[in-house]
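Colleague: I have a structure here, written as structure tokens, and I will follow up with some questions on it.
The values are calculated or read from the model by the stated rules, or taken from the named source; none is laboratory data. These figures come from a predicted structure and were not determined experimentally. Note: ideal-geometry Cβ built from the backbone for every residue, glycine included; neighbour counts use all protein chains shown.
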């Protein structure tokens with residue numbers, strides 16, 4: 001029996017000063033966690049630990065066990081440095097300058 005054709009996906013990760021978008025060919029049925037492992041980002045970026053990563057596909061959070069489809073982009077999310085509500089409060093509290 002013939003092997004199933006691989007599917008094309010991307011794995012994406014961004015930091016403030018650099019970003020990675022890596023195209024991959026994976027077997028049908030590959031899950032998000034395995035795609036991250038196959039991308040090689042875990043060895044290229046210090047501090048990325050597979051078990052603690054938050055993942056999404058095109059901006060929608062997904063479980064690490066979510067099967068991928070052809071064309072999916074798995075996104076690795078970094079933890080928030082400041083909660084969005086607190087960030088707005090911080091901006092509002094800063095004095096405004098006239099431009």
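Colleague: Looking at residue 34, is it assigned to a helix (DSSP H, G or I), more than 12 Å from the chain's Cα centre (by Cα) and closer than 14 Å to residue 75 by Cα?
Modeller: yes
Colleague: Something else now. So how many residues does the range 40-67 have that are part of a helix (DSSP H, G or I), under 16 Å from residue 14 (Cβ atoms) and out of contact with any strand residue (DSSP E or B) (no Cβ under 6 Å at 6 or more places or on another chain)?
Modeller: From the range 40-67, those part of a helix (DSSP H, G or I) are 41-44, 50-52; that's our starting set.
Narrowing further to those that are under 16 Å from residue 14 (Cβ atoms): 41-42, 44.
So of that shortlist, the ones also out of contact with any strand residue (DSSP E or B) (no Cβ under 6 Å at 6 or more places or on another chain) come out as 42, 44.
The total comes to 2.
Colleague: Just one of the numbered conditions (1) in a loop (DSSP other than H, G, I, E, B); (2) surrounded by 14 or more Cβ atoms within 10 Å (Cβ to Cβ) is not true of residue 28; which one?
Modeller: (2)
Colleague: Let me ask another. Residues of the range 1-25 being over 12 Å from the mean Cα position of the chain (by Cα), surrounded by 13 or more Cβ atoms within 10 Å (Cβ to Cβ) and under 16 Å from residue 78 (Cα atoms), which ones?
Modeller: None; the set is empty.
Colleague: Do any residues in the range 9-36 that are over 12 Å from residue 57 (Cα atoms) have Cβ atoms under 6 Å from those of residues that are loosely packed, with under 11 Cβ neighbours inside 10 Å and at pLDDT below 95, where the two are at least six apart or on different chains, and which pairs are they?
Modeller: Listed pairs, sorted by first residue: 28/4.
Colleague: Residues in the range 41-81 that are modelled with pLDDT of 95 or more, over 13 Å from the mean Cα position of the chain (by Cα) and either under 17 Å from residue 18 (Cα atoms) or surrounded by 16 or more Cβ atoms within 10 Å (Cβ to Cβ) (or both): how many?
Modeller: Total meeting the criteria: 2.
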